[in-house]
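Q: Structure in structure tokens, see below.
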Amino acid sequence: MPHTHHTHPKKNTHSCHSAPSKPTPYGLLALISLSLALPLHFISSDHLSLPYKPFIEALISGIAVFIVGFPILKAFILSVQTINPNMFTLLGTGTLTAYLYSLFGLFFLPTSQNTPFFDAAAAITTLILAGQWIEQRSESKLAQSLKNLLTLTPPTARLISQGSEKIIPCSEIQAGHHLLVLPGETIPADGKILEGHASAEESILTGEPLPIEKFPGDSVLGGTLLSGGRLLILAEKAGNQSLVARLAHLVDEAKENPPPFQRTADKIASAFTPLVLLLALATALGWIFVGESTANAISRAVAVLIAACPCALGLAAPVATACGLSRAARLGVLIRNPSSLEKLSKVKLLVVDKTGTLTEGNPAITHITTAEGISETLALTLGASLATSSLHPLSKAIVKAALSKNLTLEKISDIQDTPGQGIAGKTKNRELLLGQLSFLEQKKVNIPQTLRSANSGIAGPAVWLAQENQCLARFDMADPIRSTTPTAIHSLKNLGIDIELLTGDQPEPARAVATQLGITRLQAAVKPEGKAARVSALLGTIPGLVAMAGDGTNDAPALASADLGISLGNGTDAAKDAAAVVVLKGDIAGIARAFLIGRATVRVIRQNLFLAFAYNALALPAAAGLFISSTGWVLSPTWAATSMGLSSLLLTGNALRLLHFNPQ
């Protein structure tokens, strides 16, 4: 059955009538209609004899059809006036045909030839109103899910300006504002920490079950709960630009933009109503032609009109899509457009990076090997001085190690960053290089054999430091595999998705991680420009789509090259802009959740489409009486209305299951 009202009526392509300004109280109307239909059923019984009985039936039925059921008739009249045949065209035609034929028989046909349908008209009206109420409740539940997203952010915030604190509405927060957040309060805007240390509970947005420790420089999300400390944050995105608002907007828009495989159903639904009107007319004329009574012929034609449910086809995808995207948002998966849902269901190969996706993304120095005459303190000071200009996790590890020893860093100038390889700069007019071994080799740096052959005993990445043309040190790193990674890899393989590790790390540490996780496809020491080329080369080589997951600016070309780009939420804006799916908790477990919720949504959409087609394929022949000769059974108008309501209830109920989907 169609929607009763929409947030964006002008974009609604699936509803069957224009939205009223206020929600119609279908539940109350259904109860009133039921209070009329039940007595009418007993009055119309052959066992009850009353004076003026047919006229009493006509009066009670008329009140139910024309007064209580006025919203249905109003929508019917509108569909006729606008020449927009829809669900209410069929319902109105069927109900009015049943009532007006009964009225005609009351005044113009002999009693022996008159078979009134007054009770059927009232029963049909009651069931239609009940069906509308059920759908209204379903849509209300989805709207509440959206509202829950929007109400994650608090109504007010603590603004720190010129050393004083002021309480302001969250709607007045602007980028650049300094906001104070106390323990137990909800962070009011997306931003970065200026001062303080605390834990943030981000499960409501990212699906991360444990609180996340936050330090100065870390990003925070509006709508997440702060515990164990106070923070001074710099607001970066608030209001409509915040993550919470964008999630709600995308889910709301998804209701009006079904995935591609819904379009065929939409085309069928648009032609469905005129075909059903013709089928009803043919049913009546056909039964009269073969000698059936006019009353029976009219009854079967009315049943055809009432049983038909074209909007089941139109509803099959939009409701399920909105529910799926709403649940995905609560699980920390931002799906930019519904067409990506279908792609998620067709991916057979996932290409991922290692650092931060399969591993913790917080590497630490395990060993420092220095050239002769170079102290660890000097190597760490120079390396950290240059590393402060890089956002790479390995660079952050070097800076963290230097700060933990309270080393004084030097000022670096003429910084040149080569993404995925290394960084160069100058201090005291002497050139510094920090990066991969291949980066130093390209710069013709002299690397002593003692550094090349140094073995820390841990198969992890190494970062090399050089000054002028001499290699000064080698920093060996360890980046533990995330505890959730093995389970996520297992889940992806159970979905039939193979995994390729595509990393800029050297072959040895990359191979160690791949072997430990059972990943057989490995491409190591790949430069940023090589990632896009590798992804492009994979397209069309497997019986399915290729997805790429990345988090850095250098991953953007590869994300755009893939059939489906998945950006990790802790990544850069360039990566997010190039991706159709954003996983807010940037690890392989979050990616697995994206595939699980995406495939669950597509599965429900396909189930709904099948149920919608199957219902109409069975109900229409039964209503037309085509099964009489074989089974002796025909679908009466009352049972036709009941089956139509149940079909709508089944579709919406099946879709609403997604709001409680658990990807575990």
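Q: If you go through region 335-352, how many residues are at pLDDT below 90 and either touching a Ser or Thr at 6+ places or on another chain (Cβ under 8 Å) or open to solvent by 20 Å² or more (accessible area, probe 1.4 Å) (or both)?
A: The qualifying residues number 8.
Q: Looking at the structure I just gave you, is G425 open to solvent by less than 90 Å² (accessible area, probe 1.4 Å), over 18 Å from P509 (Cβ atoms) and either in contact with a strand residue (DSSP E or B) (Cβ under 8 Å, 6 or more places away or on another chain) or not in a strand (DSSP E or B) (or both)?
A: Taking the combined requirement at face value, the residue satisfies it.
Q: Sticking with this structure for a sec: Hey, does region 477-498 have a residue that's among the hydrophobic types (A, V, I, L, M, F, W, C), surrounded by 16 or more Cβ atoms within 10 Å (Cβ to Cβ), touching a helix residue (DSSP H, G or I) at 6+ places or on another chain (Cβ under 8 Å) and within 18 Å of N362 (Cα to Cα)?
A: Within region 477-498 (the criterion being among the hydrophobic types (A, V, I, L, M, F, W, C), surrounded by 16 or more Cβ atoms within 10 Å (Cβ to Cβ), touching a helix residue (DSSP H, G or I) at 6+ places or on another chain (Cβ under 8 Å) and within 18 Å of N362 (Cα to Cα)), the answer is yes, since at least one residue qualifies.
Q: Among the residues of region 428-456, what is the count of those that are touching a residue at least 24 places away in the same chain (Cβ under 8 Å) and either of a type outside the set (K, R) or assigned to a strand (DSSP E or B) (or both)?
A: Residues that pass the stated criteria total 19.
Q: Can we say L433 is at pLDDT 90 or above, under 22 Å from D218 (Cβ atoms) and not basic (K, R)?
A: Details: at pLDDT 90 or above: yes; under 22 Å from D218 (Cβ atoms): no; not basic (K, R): yes.
So L433 fails the test.
Q: Which of the residues belonging to region 519-547 are modelled with pLDDT of 90 or more, open to solvent by less than 40 Å² (accessible area, probe 1.4 Å) and under 19 Å from G460 (Cβ atoms)?
A: I519
Q: What is the number of the single condition among (1) open to solvent by less than 20 Å² (accessible area, probe 1.4 Å); (2) not in a helix (DSSP H, G or I) that V634 does not meet?
A: Tallying (1) open to solvent by less than 20 Å² (accessible area, probe 1.4 Å); (2) not in a helix (DSSP H, G or I), V634 fails exactly one: (1).
Q: Go through region 153-163 and count every residue that is at pLDDT 80 or above and among the hydroxyl-bearing types (S, T, Y).
A: Within region 153-163, residues that are at pLDDT 80 or above and among the hydroxyl-bearing types (S, T, Y) number 2.
Q: How about region 132-152: which of its residues are modelled with pLDDT under 70 and among the basic types (K, R)?
A: K141, K147
Q: Here is a check on your reading of the model: is N554 within 30 Å of D218 (Cα to Cα), surrounded by fewer than 24 Cβ atoms within 10 Å (Cβ to Cβ), touching a Pro at 6+ places or on another chain (Cβ under 7 Å) and modelled with pLDDT under 90?
A: Details: within 30 Å of D218 (Cα to Cα): yes; surrounded by fewer than 24 Cβ atoms within 10 Å (Cβ to Cβ): yes; touching a Pro at 6+ places or on another chain (Cβ under 7 Å): yes; modelled with pLDDT under 90: yes.
Taking the combined requirement at face value, the residue satisfies it.
Q: Failed condition for T418, given (1) of a type outside the set (A, V, I, L, M); (2) at pLDDT 90 or above; (3) open to solvent by 10 Å² or more (accessible area, probe 1.4 Å), with all others met?
A: Exception for T418: condition (2).
Q: How many of the residues making up region 105-119 are surrounded by fewer than 13 Cβ atoms within 10 Å (Cβ to Cβ) and either touching a Cys at 6+ places or on another chain (Cβ under 9 Å) or modelled with pLDDT of 85 or more (or both)?
A: 1
Q: With respect to A512, determine if the residue is of a type outside the set (D, E, K, R) and either at positive phi or surrounded by 21 or more Cβ atoms within 10 Å (Cβ to Cβ) (or both). Spell out the reasoning first.
A: Details: of a type outside the set (D, E, K, R): yes; either at positive phi or surrounded by 21 or more Cβ atoms within 10 Å (Cβ to Cβ) (or both): no.
Answer is no for this residue.
Q: To continue, here is another question. Given L78, L129, which one is modelled with pLDDT of 85 or more and surrounded by fewer than 18 Cβ atoms within 10 Å (Cβ to Cβ)?
A: Testing whether each residue is modelled with pLDDT of 85 or more and surrounded by fewer than 18 Cβ atoms within 10 Å (Cβ to Cβ) leaves just L78.
Residue by residue, here is whether (1) surrounded by fewer than 23 Cβ atoms within 10 Å (Cβ to Cβ); (2) part of a loop (DSSP other than H, G, I, E, B); (3) modelled with pLDDT of 90 or more; (4) in contact with a Phe, Trp or Tyr (Cβ under 9 Å, 6 or more places away or on another chain) holds:
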residue	(1), (2), (3), (4)
K354	no, yes, no, no
N362	yes, yes, no, no
T377	yes, no, yes, no
L382	no, no, yes, no
K396	yes, no, no, no
L407	yes, yes, yes, no
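Q: Among the numbered criteria (1) closer than 22 Å to G131 by Cβ; (2) touching a Lys or Arg at 6+ places or on another chain (Cβ under 8 Å); (3) at pLDDT 85 or above, which one does V304 miss?
A: Exception for V304: condition (2).
Q: Within the bounds of region 289-300, is there any residue that is at pLDDT below 85, of a type in the set (D, E), open to solvent by 20 Å² or more (accessible area, probe 1.4 Å) and more than 30 Å from H197 (Cα to Cα)?
A: no
Q: For region 560-598, how many residues meet the condition of being among the basic types (K, R) and at pLDDT 80 or above?
A: Selection size over region 560-598: 1.
Q: Take the residues in region 637-664 that are open to solvent by 30 Å² or more (accessible area, probe 1.4 Å) and in a loop (DSSP other than H, G, I, E, B), then tell me which one is farthest from L129 (Cα to Cα).
A: For region 637-664, the residue satisfying everything is Q664.
Q: Hey, can you tell me all the residues within region 612-631 that are open to solvent by less than 20 Å² (accessible area, probe 1.4 Å) and either modelled with pLDDT under 85 or among the acidic types (D, E) (or both)?
A: Listed by number, the residues that qualify are A612, N616.
Residues are listed down the side, and each one gets a yes or a no for (1) within 30 Å of G373 (Cβ to Cβ); (2) assigned to a loop (DSSP other than H, G, I, E, B):
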{"position": "V463", "(1), (2)": "yes, no"}
{"position": "C471", "(1), (2)": "yes, no"}
{"position": "P486", "(1), (2)": "no, no"}
{"position": "I499", "(1), (2)": "no, no"}
{"position": "E529", "(1), (2)": "no, no"}
{"position": "A537", "(1), (2)": "no, no"}
{"position": "I542", "(1), (2)": "no, yes"}
{"position": "P557", "(1), (2)": "no, no"}
{"position": "S567", "(1), (2)": "no, no"}
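Q: Given the conditions (1) surrounded by fewer than 22 Cβ atoms within 10 Å (Cβ to Cβ); (2) closer than 30 Å to L492 by Cβ, and given that E372 satisfies all but one, which numbered condition is not satisfied?
A: (2)
Q: Right, next: Taking only pairs six or more apart or across chains, which ones have beta-carbon atoms under 7 Å, a first residue in region 558-572 that is open to solvent by 10 Å² or more (accessible area, probe 1.4 Å), and a second residue that is at pLDDT 85 or above and of a type in the set (S, T, N, Q)?
A: Here the result reads S561/S536, each pair linking region 558-572 to a residue that is at pLDDT 85 or above and of a type in the set (S, T, N, Q).
The values are calculated or read from the model by the stated rules, or taken from the named source; none is laboratory data. Every value quoted in this text rests on a predicted model; they were computed, and no experiment measured them. Reconstructed Cβ throughout: ideal geometry from the backbone, glycine too, with neighbour counts over all protein chains shown. These area figures cover heavy atoms from the full protein model, side chains too; ligands, DNA and RNA do not enter into them. Shrake-Rupley method; radii C 1.70, N 1.55, O 1.52, S 1.80 Å.
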